[in-house]
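Student: Below you will find the structure I want to go over with you.
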Ligand code: PHE
């Protein structure tokens, strides 16, 4: 007989694990950068509306699909549409996407670990110098960090859903909330912080145009871990006693609150550093912000709290983002692991080992693509320039495929699996779902405008990234 599928131990455990997946570098860094560049609260309002009206229905669809089929994404598509249906293409995409996103996310997580250790060991001064980041990513030390991290993540995943993922989330997520609030509260006591708050919370609607709307939607989609197969997989570990829609709402709320607080931490910190800053100059890349800009800001705090104080602050910040990244990383790797367990009947250990080894090789290929090895550094030309292997993974999987996966989920759930089945699944563990406003809204949104919008975003991103054509 097949082994009994693992389950989250409690509702809280599930919510923390799913929130652990959702809260990541996207919230803590991507969101504040985008908000800073795109009208502060105006961006926030649009973002929050997208979370509620567009992303939440997709999240509910993904989780129900997982809980109903009790499978990984590929198994979920196959078990509903049959082994030979074209829909299984969606299942494959929802397996390959998380695996490849895990590769590039692992590179960022390795760097975060390195920066945390750098700050703890008193290197903040050097870290804030212009050339430091470029040297750091090409130094041999990154491979040691990669080894440590791979081992750590492997051990967590090998401990399983309850004892690995759920336990980790129960420790790290509350620590993350406390650190975030403490760091924010501290920054707000510094001179000029109020300027940052004003900048953040007074909406500037003139900065909103179609392209910022697109950025807000992509940001929301990524931040909630949609289109990555994660919520299908996590859904498959949720007990039939729980309300899926209720859980999804909580996760969306936690994720959005963390993003909001991260803005309240980072923007005032930037204004403390330089009250005259022109935020248009902030790089649009979160990577540049975390690794080159923030160390400068942290070092500047030594004026008010001394070098040790500034180093403690920087260490706490990098640890915070590192925690967020680890809980996201385990969630995304659990997707292919569950597929190996379900489809190939591998043991958990064997799945972790095989996937860990494949992922590590691709991570190394990405890590040497910043100039160390020419083949990977100048991997492919598209969009009018030569791109590294790391760029390619980022552009294809992070920027382009997510909306496509979201679109496929909507179409699959509404037009293949069908509304009545979705309703039925969502009523399990939730007596009040039938006839509720949520039910009517989810059905309407998923069968009409949500797939239409996702299709539009997908097409416009492909045109922009790979053909250099902007339709905005
Ligand atoms: N929601 C995550 C974030 O905001 C996205 C993510 C999840 C990335 C899992 C990788 C793995 O960073």
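Student: Yes or no: segment 235-255 includes at least one residue that is under 19 Å from the mean Cα position of the chain (by Cα), surrounded by 24 or more Cβ atoms within 10 Å (Cβ to Cβ) and closer than 30 Å to residue 186 by Cα.
Tutor: The answer is yes; a qualifying residue exists.
Student: Does segment 180-193 hold any residues that are within 29 Å of the chain's Cα centre (by Cα) and farther than 15 Å from residue 310 by Cβ, and which are they?
Tutor: Result: 180, 181, 182, 184, 185, 188, 193.
Student: Still on this model: Do we have residue 89 as within 15 Å of the ligand (Cβ to nearest atom) and under 30 Å from residue 408 (Cβ atoms) here?
Tutor: It is false that residue 89 is within 15 Å of the ligand (Cβ to nearest atom) and under 30 Å from residue 408 (Cβ atoms).
Student: Right, another one. Working only within segment 207-237, note down all residues that are farther than 16 Å from residue 259 by Cβ and modelled with pLDDT under 90.
Tutor: 207, 208, 209, 210, 211, 213, 214
Student: Next question, about the same structure. Go through (1) surrounded by 24 or more Cβ atoms within 10 Å (Cβ to Cβ); (2) assigned to a helix (DSSP H, G or I) for residue 264 and report which single condition fails.
Tutor: Every condition holds for residue 264 apart from (1).
Student: Scan 202, 187 and give me the residue that is out of contact with any strand residue (DSSP E or B) (no Cβ under 6 Å at 6 or more places or on another chain), under 30 Å from residue 49 (Cβ atoms), buried (at least 21 other Cβ atoms within 10 Å of the Cβ) and modelled with pLDDT under 95.
Tutor: Testing whether each residue is out of contact with any strand residue (DSSP E or B) (no Cβ under 6 Å at 6 or more places or on another chain), under 30 Å from residue 49 (Cβ atoms), buried (at least 21 other Cβ atoms within 10 Å of the Cβ) and modelled with pLDDT under 95 leaves just 187.
Student: Can you tell which of 433, 394 is in contact with a helix residue (DSSP H, G or I) (Cβ under 6 Å, 6 or more places away or on another chain), outside any helix (DSSP H, G or I) and more than 23 Å from residue 88 (Cα to Cα)?
Tutor: 433
Student: Please verify whether residue 61 is more than 16 Å from the ligand (Cβ to nearest atom), within 26 Å of residue 430 (Cα to Cα), free of Cβ contacts under 8 Å to residues at least 40 places away in the same chain and part of a helix (DSSP H, G or I), treating the condition exactly as stated.
Tutor: No, not satisfied.
Student: Hey, another quick one. I need the full set of residues from segment 64-77 which are touching a helix residue (DSSP H, G or I) at 6+ places or on another chain (Cβ under 6 Å) and either in a loop (DSSP other than H, G, I, E, B) or crowded, with 22+ Cβ neighbours inside 10 Å (or both), in order please.
Tutor: If the condition is that a residue be touching a helix residue (DSSP H, G or I) at 6+ places or on another chain (Cβ under 6 Å) and either in a loop (DSSP other than H, G, I, E, B) or crowded, with 22+ Cβ neighbours inside 10 Å (or both), then 64, 65, 66, 67, 68, 71, 72, 73, 74, 75, 76, 77 are the ones that fit.
Student: Which numbered condition in (1) within 21 Å of residue 78 (Cα to Cα); (2) over 22 Å from the mean Cα position of the chain (by Cα) is the only one that residue 468 fails?
Tutor: (1)
Student: Can you find, within segment 421-435, the residue that is nearest to residue 403 (Cα to Cα) among those that are surrounded by 14 or more Cβ atoms within 10 Å (Cβ to Cβ) and free of Cβ contacts under 8 Å to residues at least 40 places away in the same chain?
Tutor: Looking at the filtered set, the residue picked out is 423.
Student: Here is a further query. List pairs: first in segment 228-240 and within 13 Å of residue 60 (Cα to Cα), second within 11 Å of the ligand (Cβ to nearest atom) and in a loop (DSSP other than H, G, I, E, B), Cβ under 9 Å, 6+ apart or cross-chain?
Tutor: Note: pairs meeting the criteria are 231/224; 231/225; 234/225.
Student: With respect to residue 304, is the statement that it is out of contact with any helix residue (DSSP H, G or I) (no Cβ under 8 Å at 6 or more places or on another chain), farther than 27 Å from residue 144 by Cα and away from the ligand (no atom under 16 Å from the Cβ) true?
Tutor: Spelling it out, residue 304 is indeed out of contact with any helix residue (DSSP H, G or I) (no Cβ under 8 Å at 6 or more places or on another chain), farther than 27 Å from residue 144 by Cα and away from the ligand (no atom under 16 Å from the Cβ).
Student: Taking the condition within 16 Å of the ligand (Cβ to nearest atom) and surrounded by fewer than 24 Cβ atoms within 10 Å (Cβ to Cβ), does residue 100 pass?
Tutor: yes
Student: Quick one: how many residues across segment 222-246 are assigned to a helix (DSSP H, G or I) and in contact with a helix residue (DSSP H, G or I) (Cβ under 6 Å, 6 or more places away or on another chain)?
Tutor: So the answer is 10.
Student: One residue is enough: does segment 144-165 have a residue meeting the conditions surrounded by 20 or more Cβ atoms within 10 Å (Cβ to Cβ), farther than 17 Å from residue 327 by Cα and away from the ligand (no atom under 16 Å from the Cβ)?
Tutor: no
Student: Considering only residues that are in a loop (DSSP other than H, G, I, E, B) and surrounded by 24 or more Cβ atoms within 10 Å (Cβ to Cβ), look in segment 1-39 and name the one that is nearest to the ligand (Cβ to nearest atom).
Tutor: 24
Student: Taking the options 402, 320, 361, 333, name whichever one is in a helix (DSSP H, G or I) and surrounded by fewer than 22 Cβ atoms within 10 Å (Cβ to Cβ).
Tutor: On inspection, the qualifying residue turns out to be 361.
The values are calculated or read from the model by the stated rules, or taken from the named source; none is laboratory data. Treat the numbers as computed from the prediction; the structure is a model and nothing was measured. Ideal geometry is used to build each Cβ from the backbone, glycine not excepted, and the neighbour counts take in all protein chains shown.
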